[in-house]
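Step one of this worksheet: look at the structure below.
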Amino acid sequence: MARGLAAVLLVWGLCLPPAWAASIPDDGIGDTDGVVNAILVTGQFLYIGGSFTQVFEPNGQAAPRNNLAAIELATGAVTAWNPDVGGGAVEAMTLSRDGRALYIGGSFTTVGGVARNNLAVIDTTTDTNNVGDWDPDPDGPVNALALSQDGLGVYVGGAFTAFQGGAVSRAYLASVHALTGDVNPWFTGVDDVVHTLLPSASGTTLFIGGRFTMAGGLARPRLAELELSSGQGTAWNPAPDGIVRALVQDGDLLYVGGGFTAVDGGAPGSRNYLAALDTTATAPGSMDTGWDGGLDGPVHAMALSYDRAILYIGGAFANVNGTLPRSRLAALMTGAGGANATAWDPGAAGPSVNSLMMNAAATKLYVGGDFTDINSDPAPDARAGLAAFDVSPPVTTAAPGGGGYPVAQAVTLTCLDNAGGACAAIYVTTDGGTPQAQPGHLYDGNPITIAGNTTLRFFGVDGESNREAPRSEDYYIDAVPPVSSASFPGGSYGILDLEPVTLNCDDGAEGSGCAATYFTVDGSTPSTASSLYRNPLELGDFLPASGAGEVPLKFFSVDNAGNVGAVVTEQYRLDLMPPVTSASLPDGMYDTPQTVTLNCDDGDGFGCDIVYYTTDGSPASDGTVSDINGNLIPPSPVYAQPLRIDSATTINVLSVDKAGNKSAALVGIYSFTRQVDSSGGTGALGGLSLLLLVVWLVSRGREGRQ
């Protein structure tokens with residue numbers, strides 16, 4: 001990019017005072033061989049429009065591009081996208097909501113070899129044949145574009161008087177359908193050229209600036225606010241006495257730049273080229289009287305820093321704040337800063353800066369214009385038409401960082417600007433309050449002693465007044481280890497009594513706070529390599545398949561200061577499986593009295609405790625069983641010896657083990673082929689006859705085995 005002026009500019013650069021880091025152009029992009037009037041930044045690309053024929057990459061390689069180009073932000077390379085705008089300059093750009101359509105305005109006559117007068121749309125997703133059918137065809141130059149809030153309209157400002165070959169009359173300001181190119185009915189009655197457009201933050205009005213004297217049906221010299229619903233002007237009327245070229249809004253405050261020397265009816269020279277106006281005030285009375293940049297030349301472009309504390313301005317001025325040299329570019333403090341200039345001083349050489357735009361994060365400022373170099377650039381290459389500056393805030397760090405410590409700490413704050421240099425100042429508080437840029441909060445460079453629980457809040461300011469957002473570090477001075485406990489104590493438990501076990505850590509009100517709890521369930525001593533406690537423990541998950549056994553839970557906690565608590569042990573003896581009840585005699589039909597033995601098996605559990613039964617068909621109960629109406633059933637008889645059954649009988653059985661687990665209900669239904677009489681006889685045979693029959697059958701059986 002040396003291209004002829006390198007030697008002269010190098011000698012000139014040696015005479016300049018040292019530049020702060022952010023005043024030095026970023027070498028991530030190249031420049032152009034002409035003028036850049038409009039800049040648009042997306043996440044991936046930098047679009048530039050103006051009056052040029054070549055765009056240079058950072059290595060100096062030239063890419064032929066007529067008046068419009070796209071640069072890849074990651075590499076600085078000029079993309080293959082080449083709309084080839086001919087017949088005049090590009091002055092304005094705006095992008096569709098989806099990023100696919102780039103609307104351009106200017107004084108051109110062709111795009112991609114297709115006739116397009118002053119206004120066109122270009123597909124950003126294809127490199128060739130990317131000019132759409134959209135063709136509003138204004139009869140004069142377009143200076144400004146803005147997309148409507150719904151993305152369906154494009155507001156157009158300029159020096160035109162008609163569209164569509166003269167078929168639609170619209171002087172200086174119009175709304176065009178973003179998809180069809182038809183001129184919308186919206187009409188405002190502006191009587192002279194419009195240079196800048198800005199939809200308001202509320203989304204209901206549109207600010208316009210230029211050299212007109214009437215707008216929205218009212219006398220509104222050079223600056224007006226129009227209702228988007230009707231096109232009518234609002235009551236707001238600051239009435240600058242000269243042309244308005246640039247607008248930036250910050251809440252209720254509107255920064256206005258241009259070629260005027262007074263606003264709000266003030267005397268000429270009372271507010272030169274730049275003003276801050278209250279959009280909620282009626283005029284006169286909207287001007288911020290305490291904020292005055294004191295410029296000696298017009299402002300063409302503006303952009304705000306990420307925190308709205310700095311207003312970057314570009315134009316054709318040479319001085320700010322009265323006599324402070326700032327060639328074409330300056331950074332002014334907003335609000336209570338009183339428009340005082342920061343140390344940022346790129347010093348563009350040439351007629352003017354025409355365009356400024358921040359990236360989405362407001363860490364990079366892109367500058368376009370009619371300049372031949374950035375004077376502070378220490379490199380021998382000229383920076384013509386295009387430059388970028390890193391204006392990211394500085395970064396302040398604390399060492400050591402926040403956390404828990406067993407002893408008092410000496411904390412040092414260090415601030416580095418965006419090029420790694422030292423900052424101008426650091427402001428800090430030790431009580432958790434928000435630090436302010438005032439002497440009482442100024443960090444003196446000495447270590448800050450932290451002897452107790454403390455919240456440090458701090459921020460740095462670099463040499464160009466870029467200020468970072470306040471940062472916080474929390475410190476805990478803690479020499480006492482934490483105490484661990486379990487929500488459920490060790491002991492013997494059945495399934496009805498056991499709950500998930502929560503492990504608790506208490507580091508005390510003045511402690512550094514618990515950091516982690518570690519545990520084991522195999523009897524080993526836990527360490528920081530053991531399982532990390534995260535959720536309540538289901539102890540049954542650690543038992544064998546039998547559902548019974550012991551779980552030796554051991555655990556300890558560590559706090560944020562690194563203190564290690566004592567290991568706590570809770571021994572759990574668990575029986576989570578209910579017992580199983582069985583009867584010695586299967587249910588069924590019998591023709592003689594029977595004896596039934598009831599059995600309870602608890603497997604690997606704690607053992608059976610008690611068996612309840614009934615023989616009348618009612619449910620067996622241990623006193624906790626409810627009937628169908630929800631009423632508790634009294635305890636049933638306790639099984640002690642085998643049961644003799646000599647009539648139709650239904651046996652219900654409930655077993656309870658020593659852990660309190662209850663078996664599933666056992667029901668045995670027994671019936672007989674003959675009714676047993678009340679005297680103990682059965683059918684036609686009395687008791688003695690039955691006994692003799694049994695003895696005879698038994699003896700016959702023995703004889704048969706001899």
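The values are calculated or read from the model by the stated rules, or taken from the named source; none is laboratory data. This is a predicted model, so every value here is computed, not measured. All Cβ positions, glycine included, derive from the backbone under ideal geometry; neighbour counts span all protein chains shown.
Couple of notes before you dig in:
- Scan of region 516-534 for residues that are in a loop (DSSP other than H, G, I, E, B) and of a type outside the set (F, W, Y), ordered by number: V521, D522, G523, S524, T525, P526, S527, T528, A529, S530, R534
- Positions within region 277-292 being among the small types (G, A, S) and touching a residue at least 40 places away in the same chain (Cβ under 8 Å), in sequence order: A281, A283, S286, G290
- Any hit, region 524-534, residues being at pLDDT below 95, closer than 30 Å to N453 by Cα and surrounded by fewer than 16 Cβ atoms within 10 Å (Cβ to Cβ): no
Yes/no matrix, rows are residues, columns are (1) of a type in the set (V, I, T); (2) touching a residue at least 40 places away in the same chain (Cβ under 8 Å); (3) surrounded by 13 or more Cβ atoms within 10 Å (Cβ to Cβ); (4) assigned to a strand (DSSP E or B):
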position	(1), (2), (3), (4)
V407	yes, yes, no, no
N418	no, yes, yes, no
P435	no, no, yes, no
T449	yes, yes, no, yes
R457	no, no, yes, yes
G463	no, yes, yes, no
E473	no, yes, yes, yes
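- In region 163-178, the residues that are surrounded by 15 or more Cβ atoms within 10 Å (Cβ to Cβ) and assigned to a loop (DSSP other than H, G, I, E, B): Q164, R170, A171, Y172, A178
- Hey, T94 farther than 21 Å from S355 by Cα and touching a residue at least 40 places away in the same chain (Cβ under 8 Å) or not: no
- Each residue in region 290-310 was checked for being surrounded by fewer than 17 Cβ atoms within 10 Å (Cβ to Cβ) and closer than 12 Å to L329 by Cα, and 0 of them qualify.
- Considering region 279-303, and only residues there that are modelled with pLDDT of 95 or more and not in a loop (DSSP other than H, G, I, E, B), the residue that is farthest from D370 (Cα to Cα) turns out to be A303.
- Against the conditions (1) surrounded by fewer than 17 Cβ atoms within 10 Å (Cβ to Cβ); (2) outside the structural domain of G43 (by TED's automatic domain parsing); (3) among the small types (G, A, S), G322 satisfies every one except (2).
- Filtered by the rule that a residue be more than 37 Å from the chain's Cα centre (by Cα) and either within 24 Å of A92 (Cα to Cα) or not assigned by TED's automatic domain parsing to the domain that holds I313 (or both), region 234-245 gives P240, G242, I243, V244.
- Pick from region 605-621, criterion assigned to a loop (DSSP other than H, G, I, E, B) and touching a Pro at 6+ places or on another chain (Cβ under 8 Å), ranking: surrounded by the most Cβ atoms within 10 Å (Cβ to Cβ): G605
- Boolean, A330 is over 30 Å from E57 (Cβ atoms) and either assigned to a loop (DSSP other than H, G, I, E, B) or out of contact with any Pro (no Cβ under 8 Å at 6 or more places or on another chain) (or both): no
- Only one of the numbered conditions (1) buried (at least 16 other Cβ atoms within 10 Å of the Cβ); (2) at negative phi is violated by G216, and that is (2).
- Put simply, of G181, G151 the only residue that is surrounded by fewer than 16 Cβ atoms within 10 Å (Cβ to Cβ) and on the phi > 0 side of the Ramachandran plot is G151.
- Selected residue (criterion: modelled with the lowest pLDDT) from residues of region 258-278 that are among the hydroxyl-bearing types (S, T, Y) and over 24 Å from I39 (Cα atoms): S270
- Taking the criterion of being over 18 Å from S492 (Cβ atoms), of a type in the set (V, I, T) and in contact (Cβ under 8 Å) with a residue 60 or more places away in the chain, the residues of region 646-663 that qualify are I651, V653.
- Residue satisfying condition, being under 16 Å from T282 (Cα atoms), in contact (Cβ under 8 Å) with a residue 24 or more places away in the chain and polar (S, T, N, Q), within set T204, T234, T196: T234
- Verdict on T412 being more than 31 Å from the chain's Cα centre (by Cα), among the hydroxyl-bearing types (S, T, Y) and either at pLDDT 95 or above or in a loop (DSSP other than H, G, I, E, B) (or both): no
- Cβ-Cβ distances below 7 Å connect the following pairs, each with a first residue in region 583-600 that is over 22 Å from P637 (Cβ atoms) and among the acidic types (D, E), a second residue that is in a strand (DSSP E or B) and modelled with pLDDT under 95, and a separation of six or more residues or different chains: D591/F672.
- Hey, T53 surrounded by fewer than 22 Cβ atoms within 10 Å (Cβ to Cβ), over 20 Å from L179 (Cβ atoms), among the β-branched types (V, I, T) and in contact (Cβ under 8 Å) with a residue 40 or more places away in the chain or not: no
- In region 622-645, the residues that are among the polar types (S, T, N, Q), surrounded by 11 or more Cβ atoms within 10 Å (Cβ to Cβ) and either more than 60 Å from the chain's Cα centre (by Cα) or under 23 Å from L585 (Cβ atoms) (or both): S636
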